[in-house]
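Reading through the structure tokens given below for one structure.
The values are calculated or read from the model by the stated rules, or taken from the named source; none is laboratory data. This is a predicted model, so every value here is computed, not measured. Heads up, the Cβs are rebuilt from the backbone with ideal geometry, glycines too, and the neighbour counts pull from every protein chain shown.
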Amino acid sequence: MIVEMRTGATPEEIDGVVQRVESLGLRVQLNLGTDKTVVAVLGSNTGQLSTDIFAVLPGVESVVRIMKPYKLASREFKAENTLVSIDGIEIGGKRIIVMAGPCAVENEEQLMEATSAVKEAGANVLRGGAFKPRTSPFSFQGLEKAGLELLARARERFNIPVITEVVDPRDVSMVSKYADILQVGSRNMQNFALLTTVGRNKCPVVLKRGFSCTVTEWLTAADYLLAEGNSQVILCERGIRTFEDSARFSLDICSIPVIKRVSHLPVIVDPSHAAGHYSLVPAMAKAAIAAGADGLLIEVHPNPVEALVDGLQSLTPSRFAKLMEELRQIAKSVGRYI
Ligand code: PEP
Ligand code: MN
């Protein structure tokens, strides 16, 4: 951390900063300029310190963080890529993993049709929400436990692992009995009680990016899962809120190579929630794979017109099958396969 003193800061003010640094067990490197003094704060865990500790001291102009606030999710902490293993399927390796299915589990017929279609087209994991984090309390909230039971039936019948969202820390243990992968949604990325409980559970987890969160905040949230001993963490970019309103969110494609540079965790992309419209999903999915994503999370509904949630962004089975063919070409061109 770098503490920049105000022009004309007194020797007492500079000394006050030095003493505060040393009281924290950290070291100081003093750069006394002709009219500006800069104090470098050195130590192994400065990334976890609040800049306010120094910003509040008399004579301080600004404090700049050098170390990242996240630790366990960083490449400095672990240089080699993390591989998350689900039912013998590895996420983070050469194979691109496709998770697909309806936004919400609606009924048995809908789920079985969707599962059959995505499996047939080559998806590796079935997605389906039983607990839906809806913006309005009056919108369909999901079938809850009955939805999980239907997912378990689809899992068994089609021999495909399941990812489903958990929204409440009290449900983590129950949901993890049905899920092969727990999903923490965008709106819950910084629900620290939920992250801690999911971290203790040890079930593999997809951590979606909060739509108003930076990559740094996202990785720091991942540290909550990792700190509790859950190393099976997959990140999911799903679009962020910007001034642009031509799509539902702005898919931050750049976050994929950024994550690959600064973190060891696998990263997948959800083009459906980013785009908000089925016609935009294929291009975003292809761009994600070309940019280095380890997988995709795609909404597919047997009859989007009748969908209770997110019909507009859901692919029909035939659109999904066509996309899978196209994705195979893209994967091949970047030295990967589906
Ligand atoms: C979902 O995947 O079902 C979902 C609600 O997505 P997000 O949390 O990204 O909005
Ligand atoms: Mn959805």
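Points worth noting:
- Flag if Thr242 is without any contact (Cβ under 8 Å) to a residue 24 or more places away in the chain and surrounded by fewer than 24 Cβ atoms within 10 Å (Cβ to Cβ): yes
- Sole exception among (1) more than 14 Å from ligand 1 (Cβ to nearest atom); (2) of a type outside the set (Lys, Arg); (3) assigned by TED's automatic domain parsing to the domain that holds Ser250 for Ile338, by number: (3)
- Residue, farthest from ligand 2 (Cβ to nearest atom), within segment 107-144, restricted to residues that are exposed (fewer than 14 other Cβ atoms within 10 Å of the Cβ) and in a helix (DSSP H, G or I): Glu120
- Checking Ile160 against (1) assigned to a helix (DSSP H, G or I); (2) away from ligand 2 (no atom under 16 Å from the Cβ), the condition it does not meet: (1)
- Only one of Asn201, Asn188 that is more than 12 Å from ligand 1 (Cβ to nearest atom), among the polar types (S, T, N, Q) and in the same structural domain as Ala227 (by TED's automatic domain parsing): Asn201
- Residue identified as buried (at least 24 other Cβ atoms within 10 Å of the Cβ) and out of contact with any Pro (no Cβ under 9 Å at 6 or more places or on another chain) among Val206, Val198, Val215, Val233: Val206
- Just one of the listed residues (Gly101, Gly88, Gly47) is assigned by TED's automatic domain parsing to the domain that holds Asp270, of a type outside the set (Val, Ile, Thr) and surrounded by fewer than 21 Cβ atoms within 10 Å (Cβ to Cβ), namely Gly88.
- Residue count for segment 226-239 under the criterion of being of a type outside the set (Gly, Ala, Ser), touching a residue at least 40 places away in the same chain (Cβ under 8 Å) and either in contact with a Lys or Arg (Cβ under 9 Å, 6 or more places away or on another chain) or in a helix (DSSP H, G or I) (or both): the result is 5.
- Each residue in segment 8-54 was checked for being in a loop (DSSP other than H, G, I, E, B) and either within 18 Å of Arg65 (Cα to Cα) or free of Cβ contacts under 8 Å to residues at least 40 places away in the same chain (or both), and 14 of them qualify.
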